[in-house]
1. Over the alpha-carbon set of region D:35-178, work out the extent along each principal axis and list the three values in angstrom, largest first.
2. Please give the length that would be gained between residue B:679 and residue B:635 if that part of the chain were fully extended, namely 0.36 nm times their separation in residues minus their C-alpha to C-alpha distance (nm, one decimal).
3. Helix B:6-19 versus the longest principal axis of chain B: what angle, 0 to 90°, nearest 10, using Cα atoms?
4. Per the Cauchy relation, a quarter of the hull surface: what is the mean projected area of the convex hull of the alpha carbons in region C:120-163, in nm²?
5. With equal scatterers on the alpha carbons only and no solvent term, can you work out the Debye log10 of I(q)/I(0) for region D:183-288 at 0.10, 0.14 1/Å?
6. By how many nm would the segment from residue B:546 to residue B:203 grow when fully extended, if each residue of separation counts as 0.36 nm and the alpha-carbon distance is taken off?
7. Based on Cα coordinates alone, diagonalise the gyration tensor for chain D, multiply each eigenvalue by 5, take square roots, and list the semi-axes in whole Å, largest first.
8. Using only Cα atoms and rounding to the nearest 10 degrees, what angle (0 to 90) does helix B:701-719 make with the longest principal axis of chain B?
């Protein structure tokens, strides 16, 4: 799978991100919206890893592991945050469903002033 | 050089005692049982103080071995405050002044602790009491030992706090709580003055920082500050006056001088050992110690010194007059304390600082003795404090009678035989020979003459007290008809701000509580009843004619005996002989007359020859002054004997309406206390409060409400945008994101390529 | 190159499926496919550990949780919702494209010529990752663990009917 | 032979390996079904299938033919796409999971044949792929549009998520002891002298012989049974409650695919257990070459055994997998099915804490070995284990009403005549009808 350049990965990430962003806006089901957010997070993860793989490091940093590990570290933490977010988010959806017996996001407009 | 590290133990021992009492006290009492537990806890409270005294004595002996001009050692424990270039270490100074006070505080303190183990034996909160006492000793030691104003201020506030805690020891009694509040608040006024003085010094020194020889930042340490202050103030007498007056305000508060004296009589609400320890022997002398420590400031301001002397004189006379109107034995002693403190300030004012300290020491002996004796009397009389119920007690409590008589003779100044004579004589002599203080442009020699009048008054009221207590043919509580007739009045009287020991405390619960605490600020009636049920005051007795006063236990009369011994003339003679005490505090260095200042290891001293002048020159010889003293003493004695020799005069009976106008007036402090309360607390407070409330409601709230109204209006506008539709928000977010990106692209990379 | 093209095509199709399927179960399934292919793309980037973590965390845990919730609430099935046509939808698509266009312009302008991997091939191995994670990034790591703990507690608090 | 293999392109290499090592699994599955039925019937004092072929060996083939030709019913209300995809999804992990298992030595002439991919994330790969197994169950349960199926699917997903944790943590201890995620490294580690004791170099250090490894093995074994939805953890297909669980609506070959997936997974998990705890492809825990060097008397025999051990390695491995299957069947014949809450509390309250404690013990052991040498390490481990055991007794067991500790308490309080048998049913709890 060598022979790809950075722009290929970035393009894939970009397309996924845009699809996710559009999905967040057009879908009514909060669970699907959540999924779209996960999609966006993954698109970003992909770009992180692609940059980590392709970005040249300066000579001074080249022999330090951290210099090209930070992209992967970011992905690790994104995954951790995503996991926590999903756990809490789905819990909230469950609670809302229990309270109102439906989870249409357009019906959840109690936040308005 | 001795082992001056031991000074930390002197400081630490009371703290250790405090920790033991506070953290383990109840456990110890629980561990050893009620009877023995209290004994063990009491012993553990006395021991640290006594040990500190022993260490202090050892250090003093070490100091005595050193040459007189090098008796000043500064010990630093750690860096406490460091701000920019100012550093204030936690440091103590060991010099004659501080060690004198250490000996007084720990010595008398340990005696009083010992006494208190007996006096408070029936108290439920036994360990709490000793917790406070030990903490007080620690704070007082910090005050006297501290080598900078900030440390002195810790002690200053610490003793104030302990005083508050101990006055309000029986805090369930609303009157005690109020007395504690009064003491604390009045002290705050003084502290305010002290702080301002401190700030003035800091500001003054800060603008002249280049005058300091070294740059280690210890600007507030006495050994650094005082020499610089001496040289600076000699050029700026106006600033010297300002600082001196501000510091004196602080001293007024702590040492109960005229405008701020009125907390001290109320402080008699605390247990009697507290009155003896704090309000006679140690804490109230803090002002005198401070003036001695900072005397260089007063030295350069004759005007401020004059004010000090005049205020002292006025206080001495005023309090002595008030004492005539008091019927409570402890109150008489309280006003006598105020009066004697006035003497000390006169000494400081006229430049005889050593005489002030001398009187501090002798007064500590005999006033502690008198207070403890009065405690013994109260103990014997089942917590009855009104002298009008006493009489003929010499028959029942001989030891107390004997020791208290010594105290009485000491305070009235019987020549050569008793301690009070020496110090009082020194003060009056210095005042008469004053050429230091000026007041309204003139010399203050008249203070000496007024003090002689005060001596007569002192003799008179102290004799009155002694005769009413121990004299007479029959105890007045044994006269049933008198007792019955006056009973109701007695109680009504007791309920009105008469602050007594345990006995009274119960009275207030039964009668006055509900009226005195209308808002239920302290306790509701039900709560009081519950507390009463939990903790009955089993030791409250009404005196019946059959009552027989009992002599106090050993632990109480031993301190009395020791103090009586100290109050005799021997110790004072020893100290006064060949100016020993004066030379100890202010060693002679042979300076010229004039300001007569020199620095001994950073601490300025006055040449005793320069300031004490020639007091006897005025009267020709020393014996003339002694003769005058004896004369005024005899006048006082004669008056008191004439009035009180046989019995309680009718015009001081239980019927207040038949009292002499002067006495009623004196009893109410010539209306001063009520006036102050009305002016500052009730009317003045109300006026200021109303003004503040109006300001707050109209102006401040107006501004606040205005912001609210504005925010409401803006919010009403912004509210329109909030639809509550999550997806709508997401869309706006996306739009914003796109806009931001477009901007970034065009701005940072020169447009979309 | 071909493998990547295949994988990315699958990934894009699956991503489209997430948005376009009306049944949430099918959306979730598409997302699983997407994540799974992404994991293989990660392998291609030599980040093996993250690729496998992607499978464990996303497909193995997060998506199971999604499916679980969907089934528990019985959201899929017959009564799938009709999406209402709204002006907002059009705007959403429009701005989505705008976003893609703006970013794409930058991507193609600036990153076209990075075609040589710079990081060493072993940079995604468990050893390399672990060494950095537990030395240089140990505090973020601990904070992330606390975050997860809070997430657990929070979801329990939310989900329990009665504590 | 090896040279020829490594000269091929990687894709071809992988394909050859897959053919060599995955196809047999497919072939073995019918044999496993036969073995299960026969063994089970022996255990239940029955005869079992014995009509088709010798010993009924051809019975599975007959079954397969039957299933092929049965009518494939698709209920009307199913979610069609998912309904069809689900069996494939269920089968996929069963075959993919074996990709990193070493069937033979990692040295010598055979080294490049196995495993299919010797990646440095081997054990994580197994965990990751096995976690995908839940999708087949969940999706089939959902797609069937049947309450029983849905319940089965939900149960399966909850069960798999729960037990995967304990399994991962128990394996994490082994990973830490090995210092590598590679399965070949694990096998190599197990060929070192027993307990790191050079005097015992004759014996191999199989992890199941070490204290921590034994505990991890027990936990792993239980989790593995739960992961494959086998008795006594076959809640997703508990026939007396929810008919057949997630595959209620499946028939014909789609049903058979589920079964194939299940048996293949069992087989592979047996292989995983063998690899991680039982010394991989080694025949016996004996280092034959060391034996030959140390005891000259048996040297010739030892050399023969060494050769057998090396050249017939896949056979020994297969044997261990078969042993694992036999264990599964034995469990099924012996233990009754757990109730669902018991399943959950076993997973979360017993296995997971035990696994975590074991993990910590391993960490302590490694630290102390580094600091004080092997002896100090072992002493520290036993002390740590004792502490954990006491803590377990006092905390975990004392707080639950059904723990051993509580049982003891109940016995002590109730006296001998009221002694209850230790039952899986909580004696202190009222059983709701």
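1. 50, 42, 30
2. Working: separation 44, 0.36 × 44 = 15.84 nm, distance 3.83 nm.
Contour length minus the Cα-Cα distance gives 12.0 nm.
3. Taking the Cα atoms of chain B, the angle to B:6-19 is about 80 degrees.
4. Spelled out: convex hull of the Cα atoms, projected over all directions, averaged, 4.2 nm².
5. Summing over Cα pairs of region D:183-288 leads to -0.42, -0.65.
6. Numbers: separation 343, 0.36 × 343 = 123.48 nm, distance 6.70 nm.
Here the answer is 116.8 nm.
7. Largest first, chain D gives 36, 33, 20 Å.
8. Long axis of B:701-719 versus the principal axis of chain B: about 20 degrees.
FYI, it's all coordinate maths here, none of it is from the lab. From a predicted model like this one, the values you see are computed outputs, not experimental measurements. Because the Cβ atoms are built from the backbone with ideal geometry, glycine has one as well, and the counts that use them run over all protein chains shown.
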